[in-house]
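For reference, the structure discussed in these notes is given below.
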Amino acid sequence: MTISPPSNVRNAKNIPCPVLAHGVDTLVLAVDVFWKSEVFFRGLTELRSEAEETEEPVTGRIKGPDGQADWLFDVSPYGKDGYQWILTSNEYALRIGQWLIPQNRPSVMIEIRAETLWTHGVDASVQRILSLLREVGGRIDKVKLSRLDLCVDLLMPAELWQEDIRHHFVTRATKIDPHYSNHKLTGFNIGRGAISARLYDKWVEIVERSQKFWMTEVWGDDVLLSIADGYNVIRTEFQLRRTALRELGLSEYVQLESWLPFIWKTCTHKWLKLVEDTSKHSVRQKLLPWWETVQAGFEGVQEACPLIRAKAISTEKERLVNQLLGFVAAIAALQMQGEQLAKDETLDVQSHIQGVIEEDCTLSWDDETFTKKVKQNQVKRIRHEEKFRQASSILGELGLSLDHLQFPGDTS
């Protein structure tokens, strides 16, 4: 399909568009498992029953094998799509079926999240979750690909990221949807079938939606200076579902690494490309210079970036502290109803935080409730020891100490 009419292309051949990152952004696996017994199933049933009673997710844990970190996860009160148990965390999302031997459908569906893939790399992320399944009595039979998202991020001058890009698409897709924010182009969705693509301003998406500021660790900190100087980080992303992967001859996970460059070439040469003049015959069409960079930008599996975890924790900590202070301000305003602050009056934030902790929080939660909430939140964090250190640091900056706080029943 050709999108027309063509428009004038700016003379930007000499403007570089460096590749900032390339890799697998989401990976969904369909895994066949032979389970040794129903012991793991019984444990999940107990957790789901508890979740059903409270109508809230309940925390579970799988011990990490060979010195690996334990995996903390939430068990949903509900199943989905015929799967009895739904397990989720920042790292993975699992749907587990209640059958001991493989059936027509996969035993376990595993979604590996973007943060995990960029932090550890593809194979390390896959091997970790498979080792966890083995730890609870699973013998892995087949690991098949169900969905694969590939991407390349370019640093692009703002003059190249304009609405007239839509006139340069040559694609097999029949539908192209542009997207805007405050009347400014943010991206395009291309296709809705077994193969689809997105071209979009990744930094805008991070700021307005996903909050994945840890991507700056992948791109390099200098990128923020470039963005401030008028550049855009443009992501080209392809999503291939199982039907498309099988048509390309790719079915098993073990094939993935060697096939990645071929898949990217197919997507950027045959399924979608951006050319200067779509009215010309295909053999005479000339690619936009930056699209040539996209085509050559995928060099295989991305490198692991362990610093992402620290960046993600820092961002989450800042968000939580802002929420905490917002709640304290709201409670202070509620307590002061009818009192008008003087024009030059300043409130002491430390004393108000201390008051909320001592007078309000302890009246709402007992030790059991607080412990349960901590366990639930552990699932969404890394290790509770690390979070404890962070909490101590935050309160220390505010002039408070965890050592001096008492909770109901604490007589120390």
Practice task
State all residues of the stretch 145-181 that are surrounded by fewer than 21 Cβ atoms within 10 Å (Cβ to Cβ), acidic (D, E) and closer than 23 Å to I195 by Cβ; if no residue qualifies, say none.
Solution key: D149, D177
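Name the single residue that is farthest from I110 (Cα to Cα) among those in the stretch 33-51 being surrounded by 18 or more Cβ atoms within 10 Å (Cβ to Cβ) and touching a strand residue (DSSP E or B) at 6+ places or on another chain (Cβ under 6 Å).
Step one: of the stretch 33-51, the residues surrounded by 18 or more Cβ atoms within 10 Å (Cβ to Cβ) are 33, 35, 40-41, 44, 47-48, 51.
So of that shortlist, the ones also touching a strand residue (DSSP E or B) at 6+ places or on another chain (Cβ under 6 Å) come out as 33, 35, 44, 47-48, 51.
Numbers: V33: 12, W35: 16, L44: 16, L47: 19, R48: 19, A51: 21 Å.
Here the residue is A51.
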Problem - Complete set of residues in the stretch 71-92 that are over 13 Å from I129 (Cβ atoms), crowded, with 19+ Cβ neighbours inside 10 Å and in contact (Cβ under 8 Å) with a residue 40 or more places away in the chain - result: L72, D74, W85
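Residues checked against (1) over 27 Å from S226 (Cα atoms); (2) among the hydrophobic types (A, V, I, L, M, F, W, C); (3) assigned to a helix (DSSP H, G or I):
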position	(1), (2), (3)
E159	no, no, yes
D164	no, no, yes
T174	yes, no, no
Y180	no, no, no
N189	no, no, no
R192	yes, no, no
A197	no, yes, no
W203	no, yes, yes
E208	no, no, yes
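For the stretch 215-254, which helices (runs of 4 or more DSSP H) that fit wholly inside it have 1 or more residues that are in the same structural domain as Y200 (by TED's automatic domain parsing) and in contact with a Ser or Thr (Cβ under 7 Å, 6 or more places away or on another chain)?
On the way: elements: 215-219, 222-228, 242-247.
Result: 222-228, 242-247.
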Handout entry: Which numbered condition Y78 fails, given (1) within 22 Å of the chain's Cα centre (by Cα); (2) more than 18 Å from D32 (Cβ to Cβ); (3) not in a strand (DSSP E or B)
Key = (1)
Practice task
Kindly establish whether P102 is outside the structural domain of K36 (by TED's automatic domain parsing), surrounded by fewer than 21 Cβ atoms within 10 Å (Cβ to Cβ), more than 19 Å from the chain's Cα centre (by Cα) and not aliphatic (A, V, I, L, M).
Solution key: no
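Matching residues to (1) in contact with a His (Cβ under 7 Å, 6 or more places away or on another chain); (2) closer than 20 Å to W291 by Cβ:
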residue: P157; (1), (2): no, yes
residue: I165; (1), (2): no, yes
residue: G187; (1), (2): yes, yes
residue: I195; (1), (2): no, yes
residue: Q211; (1), (2): no, no
residue: I227; (1), (2): no, no
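Among the candidates G249, G300, G230, G220, single out the residue that is over 21 Å from the mean Cα position of the chain (by Cα), modelled with pLDDT under 95 and under 20 Å from L20 (Cα atoms). So that I can check it myself, show each step before the final result.
Values: G249 fails: under 20 Å from L20 (Cα atoms); G300 fails: over 21 Å from the mean Cα position of the chain (by Cα); G220 fails: over 21 Å from the mean Cα position of the chain (by Cα).
Just a single option satisfies the conditions, and that option is G230.
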Exercise for the section: Considering each residue of the stretch 27-64, count those that are within 26 Å of L117 (Cα to Cα), in contact (Cβ under 8 Å) with a residue 40 or more places away in the chain and touching a helix residue (DSSP H, G or I) at 6+ places or on another chain (Cβ under 8 Å), and give that number. Expected result: 11
Practice task
Take the stretch 192-202 and flag every residue that is touching a helix residue (DSSP H, G or I) at 6+ places or on another chain (Cβ under 8 Å) and surrounded by 18 or more Cβ atoms within 10 Å (Cβ to Cβ).
Solution key: I195, A197, L199, K202
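Within the group S131, S107, which residue is touching a residue at least 12 places away in the same chain (Cβ under 8 Å) and touching a strand residue (DSSP E or B) at 6+ places or on another chain (Cβ under 6 Å)?
Details: S131 fails: touching a strand residue (DSSP E or B) at 6+ places or on another chain (Cβ under 6 Å).
Exactly one of S131, S107 is touching a residue at least 12 places away in the same chain (Cβ under 8 Å) and touching a strand residue (DSSP E or B) at 6+ places or on another chain (Cβ under 6 Å), namely S107.
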Fill in the blank from the handout: Subset of the stretch 116-135, residues surrounded by fewer than 16 Cβ atoms within 10 Å (Cβ to Cβ) and either among the hydrophobic types (A, V, I, L, M, F, W, C) or within 25 Å of E303 (Cβ to Cβ) (or both), comes to D123, A124, Q127
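For the structure I just gave you, tell me whether V283 is modelled with pLDDT under 95 and outside the structural domain of A197 (by TED's automatic domain parsing).
Working: modelled with pLDDT under 95: yes; outside the structural domain of A197 (by TED's automatic domain parsing): no.
So V283 fails the test.
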Practice task
Run down L94, L117, L100 and say which single residue is part of a helix (DSSP H, G or I) and not polar (S, T, N, Q).
Solution key: L117
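Any chance you could count how many residues in the stretch 274-295 are assigned to a helix (DSSP H, G or I) and surrounded by 13 or more Cβ atoms within 10 Å (Cβ to Cβ)?
Here the count works out to 7.
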Problem - Residue that is out of contact with any Asp or Glu (no Cβ under 8 Å at 6 or more places or on another chain), free of Cβ contacts under 8 Å to residues at least 24 places away in the same chain, crowded, with 20+ Cβ neighbours inside 10 Å and within 17 Å of I129 (Cβ to Cβ), where the choices are G97, G67 - result: G97
Practice task
Please state which one of W264, W271 is closer than 30 Å to K144 by Cα, out of contact with any Leu (no Cβ under 9 Å at 6 or more places or on another chain) and buried (at least 18 other Cβ atoms within 10 Å of the Cβ).
Solution key: W271
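Before we move on, is G193 under 18 Å from C17 (Cβ atoms), of a type outside the set (F, W, Y) and without any contact (Cβ under 8 Å) to a residue 60 or more places away in the chain? Outline the logic, then answer.
Details: under 18 Å from C17 (Cβ atoms): no; of a type outside the set (F, W, Y): yes; without any contact (Cβ under 8 Å) to a residue 60 or more places away in the chain: yes.
No: the conditions fail for G193.
The values are calculated or read from the model by the stated rules, or taken from the named source; none is laboratory data. Because the structure is a prediction, the values reported are computed rather than measured. Positions of Cβ are generated from backbone atoms using ideal geometry, with glycine treated the same way; all protein chains shown enter the neighbour counts.
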